[in-house]
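Okay, so here's the structure we're looking at.
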Amino acid sequence: MQLLTAQQVLIGPSGEKLSPGAVLVDGEVIVAVGTVRDVESQAPRNVQLLEFPDGTILPGLINSHVHLAFGADKDIVDTLVRIDDSDLLQSMADRARQHAAAGVTTVRDLGDRRGLITRLRDSIERGELVGPRILAACAPLTPPGGHCHFLGGEVSGAEEIRTRIGYNAELGADVIKVMGNGGQMTPDGPGMADAQFEAEELRLIVEEAHRRNLPVAIHAYATETIAAAVNAGVDTIEHCTFVGVDGKPDVRDSIAKAMASAGIAASPALPSGWRQMWDMLGPERSQAIASRLKWLMAQGVPILFGSDAGVPISQHGDPVSTLELYEHIGVPPSTVLELATTGSARTLGLSDRTGSLRAGLAADLVAVDGDPLVDLQALRSPELVLSRGRAVVRPQSSA
Ligand SMILES: [Zn+2]
């Protein structure tokens, strides 16, 4: 067993903390959380003690939108076309480890090449590799030549939609990803606001996925696509930027209200390099992004923390830069941390496994020097990361 003590222990929900506090871990599971005296009394004599007298222990972070198959380089598509499966799998394993080393103990991978991700997920689960818990989408559904078609998920018509969802389910997908409209990185692909599926097809996708108990995550920028996705009953809307047909913001309270009441989450997937992006967009457009985020939160739409890690301006293993964006637009650090832990776990249906520090949950936790509630930078170099009890980062003295 491992007994961890710290100046403060953040349980997960904003405002719930122990200072000082302790966490007792047995194998993969947290067995006790409480005051140091309480938890010490439950620990066996031979327990391994790790103390963080000036530090903070908090739940491992959840990054709800990553692409381990992408290397955050400028030529993602070319690189992906050239690399073979075994080299790609090795790169994906390295990137998964980078996330975990940065304190991210769960990632939702929303599109890789032909489902290699499930092999990586299973190797980590078997303990052959160290890494985060992975929720895998496999190849996203897209029309022929559509956004990210090179990942292998092209479908045309109802029959192919059914077959593809069945195939991904058989590979072991945890979620079905559909490219609702175009994007930026597909050469000669449809534009960002161009719908890729009819409303009826979206309904079929949701029906097929839900029949197999799989949630649906849709990539959607356009307000019309978001509206159709909400009507179809998807579970999460990736990016969710509410862009009108003229390319200008077109936010609609009625859609946000429908999302809030149905529990459909917005997953903004804001890149780690957002500062660079905002400089490029200029003050007016970046202000619009900030206002949209605050508007979604004010409407009560569940928000998922995510970074789209792997796309050109979003690095693997850098959750802190994206957390800083929320701080930058005025969200208090305690709310930001809740969003990236307990909040995202709840929205992804993982509350019974991870996202908080409670007895019975997986030992997914991070210990850092200092207080991230005062300065999120404290999260930059974790002293200890446990992912389901396995050490990804360990203090030098205990190695
Ligand atoms: Zn993405």
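The values are calculated or read from the model by the stated rules, or taken from the named source; none is laboratory data. Everything quoted here is computed from the prediction, not taken from an experiment. A quick note on method: Cβ atoms are made from the backbone with ideal geometry, for glycine too, and the neighbour counts reach across all protein chains shown. The area values use the complete protein model at the heavy-atom level, side chains included, leaving out ligands, DNA and RNA. Shrake-Rupley method; radii C 1.70, N 1.55, O 1.52, S 1.80 Å.
Values as computed for the structure displayed
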quantity	calculated
Helical mean residue ellipticity (222 nm; -39500 (n - 2.57) per DSSP H run of 4+; nearest 500) of the chain	-10000 deg cm²/dmol
Length added when fully stretched, Glu327-Glu198, from 0.36 nm per residue minus Cα-Cα	42.7 nm
Crossing angle, helix 253-262 versus the chain [Cα axis fit, 0-90 degrees, rounded to tens]	60
Per-pair calculated FRET efficiency, R0 = 22 Å: Asp352 and Glu170 via Cβ, rounded to 0.05	0.30
Relative contact order computed over the chain (Cα-Cα under 8 Å; 6+ residues apart), in percent	21
Extension gain from Arg212 to Ser91, taking 0.36 nm per residue of separation minus the Cα-Cα distance	40.5 nm
Heavy atoms of Met277 accessible to a 1.4 Å probe, total area in Å² rounded to 10	40
Arg126 versus Asp84: modelled label distance in nm, points set 7 Å from Cα along the beta carbon direction	2.1
Tilt relative to the chain, helix 116-125 - C-alpha long axis, 0 to 90 degrees, to 10	20
Point-to-point label distance, Val245-Asp375, nm (Cα→Cβ direction, 7 Å offset)	5.1
Fraction of antiparallel bridges per DSSP, the chain only, in percent to nearest 5	45
Spatially proximal lysines relative to Lys17 (Cα-Cα < 27 Å; intrachain offsets below 8 disregarded)	Lys294
Estimated distance in nm for a label pair at Ser156 and Val77, the labels positioned 7 Å out from Cα along Cα-to-Cβ	1.9
Most mobile of Gly15, Gly233, Gly115 in a GNM of the chain (Cα contacts under 10 Å)	Gly15
Heavy-atom accessible surface of the chain: percent carbon and sulfur, 1.4 Å	47
Nearest-10 value in Å² for the accessible area of Ser291, using the 1.4 Å probe	50
P(r) weight above 26 Å for region 61-317, C-alpha pairs, percent	36
Euclidean distance of C-alpha centroids, region 331-399 and region 259-309, integer Å	22
